[in-house]
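Notes follow the structure.
The values are calculated or read from the model by the stated rules, or taken from the named source; none is laboratory data. Model, not experiment: these values are computed from the prediction. Methodologically, a virtual Cβ is constructed for each residue, glycine included, from the backbone with ideal geometry; neighbour enumeration extends over all protein chains shown. Heads up: the accessible areas ignore ligands, DNA and RNA and are worked out on the full protein's heavy atoms, side chains in. Shrake-Rupley method; radii C 1.70, N 1.55, O 1.52, S 1.80 Å.
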Protein chains: 2
Amino acid sequence: MRLPELRVMGVDPGLTRCGLGAVEGRPGAPLRLVKVGVVRTPADDGIGARLVAIETGIERWLDEVEPDAVAVERVFAQHNLRTVMGTAQASAVAILCAARRGLPVALHTPSEVKAAITGSGTADKQQVGTMVTRLLRLDAMPKPADAADALALAICHVWRGGAQSRLAEAAAEAAARAKDGPGTTAAAYFRGRGRAAGYSRGTTK
Amino acid sequence: MRLPELRVMGVDPGLTRCGLGAVEGRPGAPLRLVKVGVVRTPADDGIGARLVAIETGIERWLDEVEPDAVAVERVFAQHNLRTVMGTAQASAVAILCAARRGLPVALHTPSEVKAAITGSGTADKQQVGTMVTRLLRLDAMPKPADAADALALAICHVWRGGAQSRLAEAAAEAAARAKDGPGTTAAAYFRGRGRAAGYSRGTTK
């Protein structure tokens, strides 16, 4: 079963730096980088001006990238009390911009994203950035980390978004994992199909 | 010194019920109710649809009410962990809608609002509702509590918003307070000028 390609825009929400990254692909095929960057707002601006700047930035991206879906990091109240309100507010703007256009919005937790990309839900930023760089066959790691995290979210969504409609493939993957020992999502991806589909460059970098 | 009238729209943010209330007035004169109500969104809708519904509701209100300023409750991460993310997201939409129109946005904490309206930063919802009903000379307390809270925010802002530009009056008030014993903002308001300006109906209700 060959799934259609999905163009996903990931958003790592934040007031000071809102990471944005778009990728294109489908489970089991090489991913392509569409665009990566960050919207910054000055810390000494009022919250209103900052949210408007983030909205303007995201709207421009949506116009240009024309994604099929938007993946936003799910924010938890118990983490990072100092910045969580700004993060929640920036995420609201991203969700609003996408939903207003009728785009599907998915929320993924940081550990879901890390697990999908690195195989470990507790991977650090460096590991996530390294895997993003490999999976997209980039020459250098996207900077800042927020930009790399946004790409990781988009990649996670391409993989997870396809999961619902590939039960048959999942069964085959589970069988392969059982044969090869415990593996990670990304590892299974490389092992099972990625290498054959052109990912060897990434894995040997 | 006679300050210009201010029309303020208050927002008590929430995903399930977003309280909205607009009042008109200035410090030292009777306040008028402009409009009060609530935007509701179904709990089983997706977060995207809910934020869009809140945006649509607030935009309609801003078109109709044409406020000079918008006052939004300041959300704290450490309160109500279960609902704080939704509250933060709804507040972001309110702030965004106002700022997009170039309206000044003020954030007031719940205790600032309670203290301004009832004299106690720890007043309960019933007390706040009672004072809102009195100050606006309403026949009944606005329901639900979120609607009354939105009016309280707007009233707080009319009073606090004028505070910066009435240093002379503040000095006079402080003198009056010192003479009459410790008083509250609302009590001082009634005592000092409210009664003479037509607030006796409210205070004797």
Sequence order, the stretch A:47-61: Karplus ³J(HN,Hα) from phi using 6.51 cos²θ - 1.76 cosθ + 1.60, θ = phi - 60°, Hz rounded, Gly and Pro as x, gives 4, x, 4, 5, 5, 5, 5, 5, 4, 4, x, 5, 4, 4, 4
Each residue of the stretch B:135-144 in order: what ³J(HN,Hα) in whole Hz does its phi give by Karplus 6.51 cos²θ - 1.76 cosθ + 1.60, θ = phi - 60°, with x for Gly and Pro?
4, 9, 6, 8, 7, 9, 5, x, 10, x
Dividing the mean separation of Cα pairs under 8 Å (6+ apart) by the residue count of the stretch A:6-165 yields a relative contact order in percent of 33
Only protein chains counted, 1.4 angstrom probe. Which residues of the stretch A:96-128 are at least 50 Å² less accessible in the assembly than when their chain is isolated?
A:L96
Any idea of the total accessible area buried by the B-A contact, 1.4 Å probe, rounded to 100 Å²?
1800
Output, in nm with one decimal and in ascending order, the distances from the A:T16 label point to the matching label points of the other copies (7 Å from Cα along Cα-to-Cβ).
3.5
Roughly what % antiparallel, to the nearest 5, for the DSSP beta bridges in the stretch A:6-165?
65
Excluding ligands, DNA and RNA, what is the solvent-accessible area per residue of the stretch B:20-64 at a probe of 1.4 Å, expressed in Å²?
41
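Please average, across the residues of B:51-58, the number of beta carbons from any other chain that are within 10 Å of each residue's own beta carbon, and give a whole number.
3
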Using the Karplus equation 6.51 cos²θ - 1.76 cosθ + 1.60 (θ = phi - 60°), what ³J(HN,Hα) coupling, rounded to whole Hz, does each residue of the stretch A:10-15 give in order, writing x for Gly and Pro?
x, 10, 9, x, x, 7
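Out of the total accessible area of the stretch A:6-165 (probe 1.4 Å, heavy atoms of protein only), what percent is carbon and sulfur?
Whole-percent figure for carbon plus sulfur exposure: 47.
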